[in-house]
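Peer 1: The structure's right below; bear with me while I get my questions together.
The values are calculated or read from the model by the stated rules, or taken from the named source; none is laboratory data. Because the structure is predicted, anything quoted here is derived from the model rather than measured. Ideal geometry is used to build each Cβ from the backbone, glycine not excepted, and the neighbour counts take in all protein chains shown.
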Amino acid sequence: MDQKQVEVRKRIDERMAKIKHKVVILSNKGGVGKTTVSVNLAMGIALKGYSVGLMDADFHGPNVPKMLGLKEQGMAVNSGEMVPVSMPLDSGLLKVVSVAFLTEKNSAIVWRGMFKMSIINQFLADVRWGGLIIYLWICLLELRMNP
Ligand SMILES: Nc1ncnc2c1ncn2[C@@H]1O[C@H](COP(=O)(O)OP(=O)(O)OP(=O)(O)O)[C@@H](O)[C@H]1O
Ligand SMILES: [Mg+2]
């Protein structure tokens, strides 16, 4: 690892250490219900009064903002940190970051592996989640089998 990678790793470790519970929802195929499960789980837990972070790292269909009615809103950047979009829910709070917030509406993007890794690292290292009790991460994994 070069110096920059070491620094990113350190920021990820520090950031992740502040989050008590982390749940990863992933699959190696599309359309199996990742988004449905993630959004319902996150909202259900937030409605019980907790702070919940939802990180939509699905590059091939980041539709969490759309499901939550946040499609037009973007994330702010403050002092080099990304600030998630916040949704107050009763006494709880849902905070959302999504690849969809980084892309232009109606534009096509070809995501390359290295670029995906760099965005996932930024989401892990540089999002100011605040005092979260539970944190969910959606990720769509593509498994390519050799013939
Ligand atoms: N438990 C369920 N029973 C029946 N249908 C479901 C269930 N969960 C999700 N669905 C439906 O399946 C479809 C795909 O769900 P969803 O978008 O959550 O999957 P996904 O894995 O996030 O897909 P993608 O790979 O496109 O991101 C939707 O039409 C959704 O309403
Ligand atoms: Mg999905």
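Peer 1: Which of the numbered conditions does Arg9 fail, given that it passes all the others? Conditions: (1) within 15 Å of the chain's Cα centre (by Cα); (2) modelled with pLDDT of 90 or more.
Peer 2: Condition not satisfied by Arg9: (1).
Peer 1: When you scan segment 82-93, how many residues do you find that are surrounded by fewer than 16 Cβ atoms within 10 Å (Cβ to Cβ) and either in contact with a strand residue (DSSP E or B) (Cβ under 8 Å, 6 or more places away or on another chain) or on the phi < 0 side of the Ramachandran plot (or both)?
Peer 2: 3
Residues checked against (1) within 16 Å of ligand 2 (Cβ to nearest atom); (2) farther than 20 Å from Lys20 by Cα; (3) in a strand (DSSP E or B); (4) free of Cβ contacts under 8 Å to residues at least 60 places away in the same chain:
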{"residue": "Val39", "(1), (2), (3), (4)": "yes, no, no, yes"}
{"residue": "Ala42", "(1), (2), (3), (4)": "yes, no, no, no"}
{"residue": "His60", "(1), (2), (3), (4)": "yes, yes, no, no"}
{"residue": "Leu70", "(1), (2), (3), (4)": "yes, yes, no, yes"}
{"residue": "Ala100", "(1), (2), (3), (4)": "yes, yes, no, yes"}
{"residue": "Lys116", "(1), (2), (3), (4)": "yes, yes, no, yes"}
{"residue": "Gly131", "(1), (2), (3), (4)": "no, no, no, no"}
{"residue": "Leu136", "(1), (2), (3), (4)": "yes, no, yes, no"}
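Peer 1: Quick test of your reading of the structure: Gly49 fulfils all but one of (1) surrounded by fewer than 16 Cβ atoms within 10 Å (Cβ to Cβ); (2) in contact with a Ser or Thr (Cβ under 7 Å, 6 or more places away or on another chain); (3) at pLDDT below 85. Name the failing condition by number.
Peer 2: (3)
Peer 1: Has segment 122-133 got any residue that is modelled with pLDDT under 85, touching a Ser or Thr at 6+ places or on another chain (Cβ under 9 Å) and under 25 Å from Gly31 (Cβ atoms)?
Peer 2: No, segment 122-133 contains no residue that is modelled with pLDDT under 85, touching a Ser or Thr at 6+ places or on another chain (Cβ under 9 Å) and under 25 Å from Gly31 (Cβ atoms).
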